[in-house]
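Participant: Take this structure first; my questions come after.
The values are calculated or read from the model by the stated rules, or taken from the named source; none is laboratory data. Values in this document were obtained by computation on a predicted structure and should not be read as measured data. Please note: Cβ atoms are built from the backbone with ideal geometry, for glycine as well, and neighbour counts cover all protein chains shown. Remember, those area values only see protein heavy atoms, side chains included, never the ligands or the DNA or RNA. Shrake-Rupley method; radii C 1.70, N 1.55, O 1.52, S 1.80 Å.
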Amino acid sequence: RRPGLSGALLAARAAGHTHVILDGTLIETDRIHTRGPTPGVDLWWSGKHSRHGGNIQVVSAPDGWPLWTSNVRPGREHDTTAARADPDLLDLLSQWIDDDHKALADLGYEGEKDLLLVPFKTPAGGSLTVNQKAHNRLHSAVRALGERANSILKITFKALRRWRGCPWRIGDIVAAALVLLHQENGRTT
């Protein structure tokens with residue numbers, strides 16, 4: 001009963017949403033060291049969060065309601081890498097996007113700025129223009145509600161605050177939590 005992304009995006013369009021928000025979240029795990037592809041780098045260790053965990057991509061409605069979750073990727077992967085690893089995520093978002101529908105994301109997806117609307121990054125040793133700063137403030141205000149999706153999942157389901165099983169199962173557990181959340185609230189979009 002895991003929600004499919006194409007169905008979630010069709011429902012978002014039918015609900016009249018002008019945009020969706022893509023954001024990654026780390027589901028912490030009590031995983032011991034697992035050798036990664038790079039010598040000396042732990043597969044599940046997130047340097048950004050300084051803890052072990054799995055990276056889950058979440059697509060949400062403009063009000064922060066979670067619509068879809070990805071399979072898990074190792075915590076060492078950045079959001080762009082995790083999004084690219086999903087076989088359908090970026091392709092389906094590119095099909096959904098048009099003049100009236102956008103996908104917003106944070107700077108973690110800077111590598112996909114041709115597809116996703118991301119804020120401007122301040123250049124090293126430089127500063128942003130007035131228009132770029134205004135764009136970033138508006139982008140942040142619109143995207144802020146979408147940040148709730150990860151919080152709703154983690155607050156509602158204690159198992160998502162710290163997973164104690166095999167980290168490769170995190171995606172299935174998050175998907176099950178999403179289905180329960182949709183069922184309990186009678187809402188998918």
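Participant: Do we have Gly126 as at pLDDT below 95, surrounded by fewer than 18 Cβ atoms within 10 Å (Cβ to Cβ) and in a helix (DSSP H, G or I) here? Reasoning before the result, please.
Facilitator: Working: at pLDDT below 95: yes; surrounded by fewer than 18 Cβ atoms within 10 Å (Cβ to Cβ): yes; in a helix (DSSP H, G or I): no.
For Gly126, the condition - at pLDDT below 95, surrounded by fewer than 18 Cβ atoms within 10 Å (Cβ to Cβ) and in a helix (DSSP H, G or I) - is not met.
Participant: What are the pairs, 6+ residues apart or on separate chains, where a residue within the stretch 70-89 that is without any contact (Cβ under 8 Å) to a residue 24 or more places away in the chain and surrounded by fewer than 23 Cβ atoms within 10 Å (Cβ to Cβ) has its Cβ under 6 Å from a residue that is of a type in the set (Asp, Glu) and not in a loop (DSSP other than H, G, I, E, B)?
Facilitator: none
Participant: Right, something else. Looking at Gly24, is it part of a strand (DSSP E or B) and among the small types (Gly, Ala, Ser)?
Facilitator: Details: part of a strand (DSSP E or B): yes; among the small types (Gly, Ala, Ser): yes.
Yes; evaluated as a whole, the condition is true for this residue.
Participant: Given the condition among the hydrophobic types (A, V, I, L, M, F, W, C) and under 28 Å from Pro74 (Cβ atoms), answer yes or no: does some residue in the stretch 121-136 qualify? It would help to see each step written out before you state the result.
Facilitator: Quick first cut of the stretch 121-136, residues among the hydrophobic types (A, V, I, L, M, F, W, C) only: 124, 128, 130, 134.
Pick out the ones that are also under 28 Å from Pro74 (Cβ atoms) and you get none.
Scanning the stretch 121-136 turns up no residue that is among the hydrophobic types (A, V, I, L, M, F, W, C) and under 28 Å from Pro74 (Cβ atoms).
Participant: If you go through the stretch 8-21, how many residues are part of a helix (DSSP H, G or I) and either of a type in the set (Phe, Trp, Tyr) or under 19 Å from Ile56 (Cα atoms) (or both)?
Facilitator: Let us first name the residues in the stretch 8-21 that are part of a helix (DSSP H, G or I), namely 8-14.
So of that shortlist, the ones also either of a type in the set (Phe, Trp, Tyr) or under 19 Å from Ile56 (Cα atoms) (or both) come out as 8-9.
So the answer is 2.
Participant: Sticking with this structure for a sec: Search the stretch 154-172 for residues that are under 14 Å from Val58 (Cβ atoms) and pair each with any residue that is in a loop (DSSP other than H, G, I, E, B) and among the aliphatic types (A, V, I, L, M) when their beta-carbon atoms are under 9 Å apart and the residues are at least 6 apart or on different chains.
Facilitator: As it stands, the answer is Ile170/Val72; Gly171/Val72, since those pairs meet every condition given.
Participant: Of everything in the stretch 35-47 that's open to solvent by 40 Å² or more (accessible area, probe 1.4 Å) and not in a strand (DSSP E or B), which residue is nearest to Phe157 (Cα to Cα)? Break it down into steps so the answer makes sense when it comes.
Facilitator: Looking only at the stretch 35-47, we keep the residues that are open to solvent by 40 Å² or more (accessible area, probe 1.4 Å), and these are 35, 37-41, 45, 47.
Subsequent filtering for residues that are not in a strand (DSSP E or B) retains 37-41, 47.
On the way: Pro37: 32, Thr38: 33, Pro39: 35, Gly40: 33, Val41: 30, Gly47: 25 Å.
Among those residues, the one meeting the criterion is Gly47.
Participant: I'm checking my understanding of the structure. Among residues of the stretch 134-189 that are hydroxyl-bearing (Ser, Thr, Tyr) and open to solvent by 50 Å² or more (accessible area, probe 1.4 Å), which one is farthest from Thr29 (Cα to Cα)? Steps first, answer last, please.
Facilitator: Taking the stretch 134-189 as the starting set, the residues that turn out to be hydroxyl-bearing (Ser, Thr, Tyr) are 140, 151, 156, 188-189.
Those left that are additionally open to solvent by 50 Å² or more (accessible area, probe 1.4 Å): 140, 151, 156, 188.
On the way: Ser140: 29, Ser151: 17, Thr156: 17, Thr188: 28 Å.
Only one residue fits best here, namely Ser140.
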